1. Only one of Arg66, Arg31, Arg49 is more than 16 Å from the ligand (Cβ to nearest atom), surrounded by 10 or more Cβ atoms within 10 Å (Cβ to Cβ) and modelled with pLDDT of 80 or more; which?
2. Does Asp71 fit the bill of being acidic (Asp, Glu), within 16 Å of the ligand (Cβ to nearest atom) and modelled with pLDDT of 80 or more?
Amino acid sequence: MGCKRCQGLMISDAFIDVDDYSGHLWLGVWRCVNCGEVTDLGVAQNRRRQRSVVSGVIKRLRSRRRRVRRDLALQLSA
Ligand SMILES: [Zn+2]
């Protein structure tokens, strides 16, 4: 995984969130070794999931468009 800001190497790291009154909470993050950009692991996973959903929709639309063109070509040739 590359950094969004500088395309540098991202490594998995852990931070402690101390804002929670019930105690500290370890957060899994991706941290860029080049510029220090930090991305929450959950955010990164959600982005990946959204990207795969969008690419699935695009694939379905493209195959539907191909099917419509093929049907039109068949109708025109008949
Ligand atoms: Zn970076």
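The values are calculated or read from the model by the stated rules, or taken from the named source; none is laboratory data. Computed from a prediction, not measured in an experiment: that's the story for all the values here. Every residue, glycine as well, gets a Cβ built from its backbone with ideal geometry; the counts of neighbours run over all protein chains shown.
1. Arg66
2. In short, no.
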